[in-house]
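What follows is a single structure, written as structure tokens, with notes after it.
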Amino acid sequence: MKRKIAVLANGWNNISISQALKGIRSETDNLNIDLFLFLSYAAFSQTAARNKGEDAIFDLPDYSDFDGVILFSNMLNSESTPERLAKKLAEKHVNTVSVGIPFEGIDYVGIDNFSGMNDMVKHLVKKHHIKNPAFFAGTREHIDSNERLIATREALAKYGIELKPENICYTNWEYLTSMNYAMEFCKRKDPPDAFICANDHNALAVCVGLSRMGYSVPDDFIVTGFDRISYSDTFFPSITTVYQNYEKIGYLAAHHLIQKMEGVCTSDHLIVPTAFMKNESCGCRKTSTADKVRRQFCIDAYTKEMESLMFKSMEADMTTEIFACASFETFKENLYKFYSSNRSLRGDEFYFVIDNGAKRNIIQSSLPVMDEYSDTMNCLVAVKESVISVPGEFPRSELIPGYEKSVQPSVFTFTSMHFDEHLFGYIVTCDSIESIRDRTLNLYMMQMNYNIEQYRKNCRLEEMNRTLLAISNTDELTGLNNRFGMNQKAVPLMENAHKDKMQCAVVFIDINRMKYINDNFGHVQGDLAIRTVASVLRDKMPDGWIGIRYGGDEFIAIGACESENLVKKFIESYDQELKTRVNSMNLTYPLTVSIGYILSDPESSLSLSEYVNKADSIMYESKQKTYNKGPQDK
């Protein structure tokens, strides 16, 4: 049986995870193992609610269904999520390897943050004679950041240099925070001579901040990073950094996991070394050498700009073609049409999955929004081998509707559709590693999530409009249509019936002696009489008919009618039911009605109002004949 491995990672580490997947596949492809990549875009700079919606993708699968799990714990941009996941995986006894952070009960592939950072700081002291460095850390609790800080302290201490407490700042890995700290530090009377940063993003932000203050790197300040992201080589100056070989890390993690799956693993952990890379930001690389990389970057930048414009055009198409509606049926139709022709991200295999519970919340905003996945999913669009289909409902446990273990190994990437912590579903793409690397998938999901929330707002507004229309159409006392409702519903009903050459019955009902009831028993009893007559009308009208409170004690029933016998049966049934209810209520006053009706002529040009007036006159004649004694109140 073909095996499956789950990979849990964060997409903001796009280069690292792309390299790691390449390393993993160098081992798993040979064994025809499919990878299920669950990708979050949580970030320390985002709100807790948004991150919860992103990290929910890790709670989608049942990991017991997998042969193994690779958890990139050091890149999940969360202090609590890796620990929670590791605990769950350990409790389920799932074969798991954690990359970056050790946890009890699961195996560990560690990255030697210490050696590469220690070597780099020693180089800064020996070669560049730094004496007063600053250290820009990530978060206070992040294990990688803290190891890099310890390595820096120890390397400096060997040369009798203290890393001053006031020179350490925690940036939470945020670009603006790093840039602003750098701008503040360089204003000091005794500014740092070097900025040692816990990652390359911090280092790049520091360079930008120093440049804005009019300083040059490395002439005025030395700056270093960690990770060797793609921009560290193409930025000016190129960043001196520490290289984590994530392709090798991915390979070793996969190799270790497979050995564990096969029961031949001899150790529960291993450590991968890092390497110090000299570059322009410390003054150790010639600009002419670094420019070769930057030239290629400039060429690639134009291509990416054109691709970005095409992607933005696709985003606009997606917004207008799919989400500019307030009906779920229209939404499904639009979705199908769009993905039938648009291949920009969907590739040869793609799944658009809505959570069945969330579907109800989208189209009915009064329901509470879900913050965890339900057991049933609904695939609105599936593309496989260029064939597009609508699989519909399927168990959440399947993850992919109709998943088949194909001959060729694949990487299926799962990303969350949500707005803040409110879950809608997920997107599945196949072998879309390049879209992770160039952040296309990230941009796509950001736009998708925004669009779905806007669509939900459209549905909410439509629901509110329907409610307001119902309120404006409805008589508050009886729940029947009022005169406005008659114009909105009854008039089209008659017009449509006449188009089909059918006549309509217009039945006029009037409560007898209504003034007598109000004057002698009060308006509370009068209201009771009105509600009783209206209730019988609602219950006894033929299907498809419309009930209307025309005035204070006047009511109309209108509906298509094949013969006069239907009207007579309705009136007879109405009278009998009203008598039954009145007798059971033990009223101290008589409650009866007078009824008149008329059948419309499909060939006539008379309006509904004119037919109502005719039915009213017939009813009044009936009232006069029947009640010729006592008070006569219309």
If the reach is capped at under 14 angstrom between alpha carbons, list the aspartates and glutamates near LYS164, excluding any in the same chain fewer than eight residues apart. GLU154, ASP190, ASP193
Under a point-charge model restricted to the Cβ atoms of Lys and Arg (+1) and Asp and Glu (-1), what is the dipole moment magnitude of region 548-612 relative to its Cα centre, in debye to the nearest 20? 380 debye
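How much net charge surrounds ASP112 when only other residues with a Cβ under 13 Å from its Cβ are counted (Lys, Arg +1; Asp, Glu -1)?
Numbers: positive: ARG148, LYS248; negative: ASP119, ASP144, GLU147.
So the environment of ASP112 carries a net charge of -1.
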How far is it, in nm, from the label point at GLU572 to the one at THR376 when both lie 7 Å from their Cα along the line to the Cβ? 4.5 nm
On a 0 to 90 degree scale, rounded to 10, what angle separates helix 81-91 from the longest Cα axis of the chain? 90 degrees
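Give, as a single signed number, the net charge of other residues whose beta carbon lies under 15 Å from the beta carbon of ALA182, with Lys and Arg counted +1 and Asp and Glu -1.
On the way: positive: LYS187, ARG188, ARG212; negative: GLU166, GLU174, GLU184, ASP193, ASP200, ASP220.
Net charge around ALA182: -3.
Tell me, what is the percent relative contact order of the chain, built from C-alpha pairs under 8 Å that lie six or more residues apart?
Details: 1153 pairs, mean separation 76.8, N = 634.
After rounding, I find 12 percent.
Run the accessible area of the chain with a 1.4 Å probe and give the carbon-and-sulfur part as a rounded percent. Display every interim value, and only then the final one.
Details: 14250 of 28850 Å².
Ligands and nucleic acids excluded, carbon and sulfur reach 49 percent.
Give, rounded to the nearest 20 debye, the magnitude of the charge dipole that region 88-192 has about its Cα centre when Lys and Arg contribute +1 at Cβ and Asp and Glu contribute -1 at Cβ.
560 debye
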If you compute Rg/Rh (Cα atoms, Kirkwood Rh) for the structure shown, which of [x] 1.15; [y] 1.10; [z] 1.21 do you land on? [z]
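Suppose a student asked you for the relative contact order of region 130-193, using Cα pairs under 8 Å spaced at least 6 residues apart; what percent would you report? Mind showing how you got there, number by number?
Numbers: 63 pairs, mean separation 29.8, N = 64.
It rounds to 47 percent for region 130-193.
Evaluate the charge dipole of the chain about its Cα centre and quote only its size in Debye, nearest 20, assuming +1 on the Cβ of each Lys and Arg and -1 on the Cβ of each Asp and Glu. Don't skip to the answer; put the middle values down first.
Details: 69 positive and 84 negative charges, 186 e Å.
Dipole size: approximately 900 debye.
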Can you find, among LEU252, SER216, THR28, the residue farthest towards the positive end of the dipole of the chain? Put +1 on the C-beta of Lys and Arg, -1 on that of Asp and Glu. SER216
Considering only the chain, what is the antiparallel percent among its DSSP beta bridges, to the nearest 5? 55 percent
Take LYS515 and ALA90, extend 7 Å from each Cα along the Cα→Cβ direction, and tell me the distance between the two endpoints in nm. 8.7 nm
With the dipole of region 431-522 defined by +1 on each Lys or Arg Cβ and -1 on each Asp or Glu Cβ, the option from LEU441, VAL506, ASN518 whose Cα lies farthest towards the positive pole is ASN518
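How many Å² of accessible area per residue for the chain, probe 1.4 Å?
Numbers: 28850 Å² over 634 residues.
Heavy-atom SASA per residue in the chain reads 46 Å².
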Kindly provide the helix-only [θ] at 222 nm of the chain, computed as the sum of -39,500 (n - 2.57) over DSSP H runs of four or more divided by all residues, to the nearest 500 deg cm²/dmol? -14500 deg cm²/dmol
Sequence order, region 521-531: Karplus ³J(HN,Hα) from phi using 6.51 cos²θ - 1.76 cosθ + 1.60, θ = phi - 60°, Hz rounded, Gly and Pro as x, gives 10, x, 6, 5, 5, x, 5, 4, 4, 5, 5
Towards the positive end of the charge dipole of the chain, with charges on Cβ (+1 Lys, Arg; -1 Asp, Glu), say which of GLY552, THR413, SER16 has the farthest Cα. SER16
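The values are calculated or read from the model by the stated rules, or taken from the named source; none is laboratory data. What you see is a predicted model; the values in this text were computed from it and never measured. Ideal geometry is used to build each Cβ from the backbone, glycine not excepted, and the neighbour counts take in all protein chains shown. When the accessible area is computed, the model is the full protein with side chains, heavy atoms only, and any ligands, DNA or RNA have been set aside. Shrake-Rupley method; radii C 1.70, N 1.55, O 1.52, S 1.80 Å.
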